[in-house]
Amino acid sequence: MTFSLPLTPQYTQLSGAGKTPSATTNNDNDFSALGYYAVFATIAFTLVVFLFEAYLDFRQRSSYYKTEFPSELSKTVGNIDAEREKELKEQSKEVDDDGKKKEEENDGDKAAGDGKTKQDDINKNKESLDKNKPLLPQLQSKFSKAQSYGLDKITFSIISSTYNLFEEIIFLLCGYIPYCWDLSCHVGKAYFGWNENDNEIKISLIFMAVNVIIGTITSLPFELYSTFRIEKKHGFNKQTPQLFFTDKIKGLLLTCVFGGPFVALLLKIIKMGGESFYIYVWAFTFVFSVFMMTIVPVVIMPLFNKYEPLPEGSLKEQIYELAGRLEFPLTKLFVMDGSKRSSHSNAFTFGFFKNKR
């Protein structure tokens, strides 16, 4: 591997075959600017994108060092609290007036065991109103915790993205992609009798499997640290190592079940599509996307979480009422046991057209 132009990967398919790769030839007319600058331009572009994203991340990171609650937010939430307090006082006054009227109508000689009096209802109402605490003190008490969590998250993101940058550059300079392709060809020929010319799609599936396995291994330490260190430190993680690795295995199996046939059909369409292959590729990917959107909520998602219909009650009525006001075609409501993995609150919709859940 050399570090002067042209940059040449350590391993290429030509070097793997015992030939010497070169971006130029003895004939000046055969000079290829693309071949000469391809690796250098790729690395330069990757660095530019990384530096820009890092600049944005460090700007965001500096904001997490602030310990003072934002004044504008404080003013806005304070106004909301003031309006809410005014509403609660009016409601409390109406309840008190109603209670006095009822007391005047009562004989006042009811025994203690005759049941609940209106005053009991008033007291309970007051107790429920006391639970409506102002938002501002609650947000202020959580501000430092949110800042600490955000700082840890973005610091980890910067470190992991830096590692990904070095990994991409090293893989490029070492010739990782052509090496994996040649390795896939060797595995296919040695174990299945496949060759690159006659069994290109099958070799491509081996190539995909090799990359998925290597990618899973290289990303695993970062996922473990994020889940069992950062999320646990801030009280969000509820996953066990067993559940974590079970999800990983399920994900890999689903990649094989759905990703393998998708890639095989996609390559087949490209080979048979001729000059207009991109039209057929677009149509195929569209149909596949619709198919996945249909089966994901009923087949794939239940493999990871348990979904139960939301019980009848005021919450369900309010959600349907809100969906009706927004003209959102909500057809089903489910409760997901997402808390077995994380204590982050979460709600989402899924589906298309008039079949939203």
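The values are calculated or read from the model by the stated rules, or taken from the named source; none is laboratory data. Not measured: the values here are computed from a predicted model. Please note: Cβ atoms are built from the backbone with ideal geometry, for glycine as well, and neighbour counts cover all protein chains shown. The protein model used for the area step is the full one, side chains on, heavy atoms only, and it has no ligands, DNA or RNA in it. Shrake-Rupley method; radii C 1.70, N 1.55, O 1.52, S 1.80 Å.
A few notes on this one:
- Considering region 149-172, and only residues there that are over 21 Å from the mean Cα position of the chain (by Cα) and either of a type outside the set (A, V, I, L, M, F, W, C) or modelled with pLDDT under 90 (or both), the residue that is farthest from Thr227 (Cα to Cα) turns out to be Glu168.
- Residue check for Lys133: part of a helix (DSSP H, G or I), open to solvent by 50 Å² or more (accessible area, probe 1.4 Å) and among the basic types (Lys, Arg): no
- Looking across region 329-357 at every residue that is of a type in the set (Ser, Thr, Tyr) and free of Cβ contacts under 8 Å to residues at least 24 places away in the same chain, the one that is nearest to Ile300 (Cα to Cα) is identified as Thr349.
- The lone criterion from (1) under 22 Å from Ile169 (Cβ atoms); (2) at pLDDT 85 or above; (3) surrounded by 11 or more Cβ atoms within 10 Å (Cβ to Cβ) left unmet by Arg61 is number (1).
- Residue list for region 136-180, restricted to those being open to solvent by less than 40 Å² (accessible area, probe 1.4 Å), farther than 24 Å from Tyr55 by Cα and hydrophobic (A, V, I, L, M, F, W, C): Leu136, Phe143, Leu173, Cys180
- Tabulated pairs, region 206-222, first farther than 17 Å from Phe166 by Cβ, second open to solvent by 40 Å² or more (accessible area, probe 1.4 Å) and outside any helix (DSSP H, G or I), C-beta under 9 angstrom, 6+ apart or interchain: Ile206/Trp194
- Complete set of residues in region 337-357 that are of a type in the set (A, V, I, L, M) and either at pLDDT 85 or above or open to solvent by less than 60 Å² (accessible area, probe 1.4 Å) (or both): none
- The C-beta contact set for region 295-323 (first residue closer than 22 Å to Ser339 by Cβ, second residue among the acidic types (Asp, Glu) and surrounded by 10 or more Cβ atoms within 10 Å (Cβ to Cβ), distance under 6 angstrom, 6+ apart or interchain) comprises Asn305/Asp337; Lys306/Asp337.
- Tabulated pairs, region 65-77, first closer than 13 Å to Pro134 by Cα, second assigned to a helix (DSSP H, G or I) and open to solvent by 80 Å² or more (accessible area, probe 1.4 Å), C-beta under 8 angstrom, 6+ apart or interchain: Ser74/Gln140; Val77/Leu135
Residues are listed down the side, and each one gets a yes or a no for (1) out of contact with any strand residue (DSSP E or B) (no Cβ under 7 Å at 6 or more places or on another chain); (2) within 26 Å of Ala209 (Cα to Cα); (3) at pLDDT 95 or above:
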position	(1), (2), (3)
Glu275	yes, no, no
Phe291	yes, yes, no
Thr294	yes, yes, no
Glu308	no, no, no
Pro311	yes, no, no
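- Taking the listed residues Lys232, Lys268, the one that is basic (Lys, Arg) and out of contact with any helix residue (DSSP H, G or I) (no Cβ under 9 Å at 6 or more places or on another chain) is Lys232, with no other qualifying.
- Selection within region 48-64 - free of Cβ contacts under 8 Å to residues at least 40 places away in the same chain and charged (D, E, K, R): Arg59
- Selection within region 181-201: residues that are part of a helix (DSSP H, G or I) and under 27 Å from Val39 (Cβ atoms). The member of this set that is most open to solvent (accessible area, probe 1.4 Å) is His186.
- Looking only at residues of region 67-93 that are of a type in the set (S, T, N, Q) and in a helix (DSSP H, G or I), we find that the one that is nearest to Pro137 (Cα to Cα) is Ser74.
- Leu326 vs. criteria open to solvent by 70 Å² or more (accessible area, probe 1.4 Å) and either free of Cβ contacts under 8 Å to residues at least 12 places away in the same chain or under 24 Å from the mean Cα position of the chain (by Cα) (or both): yes
- Where helices (runs of 4 or more DSSP H) sit wholly within region 231-322, those with at least 2 residues that are farther than 29 Å from Asn346 by Cα and open to solvent by less than 80 Å² (accessible area, probe 1.4 Å) occupy 260-272, 277-295.
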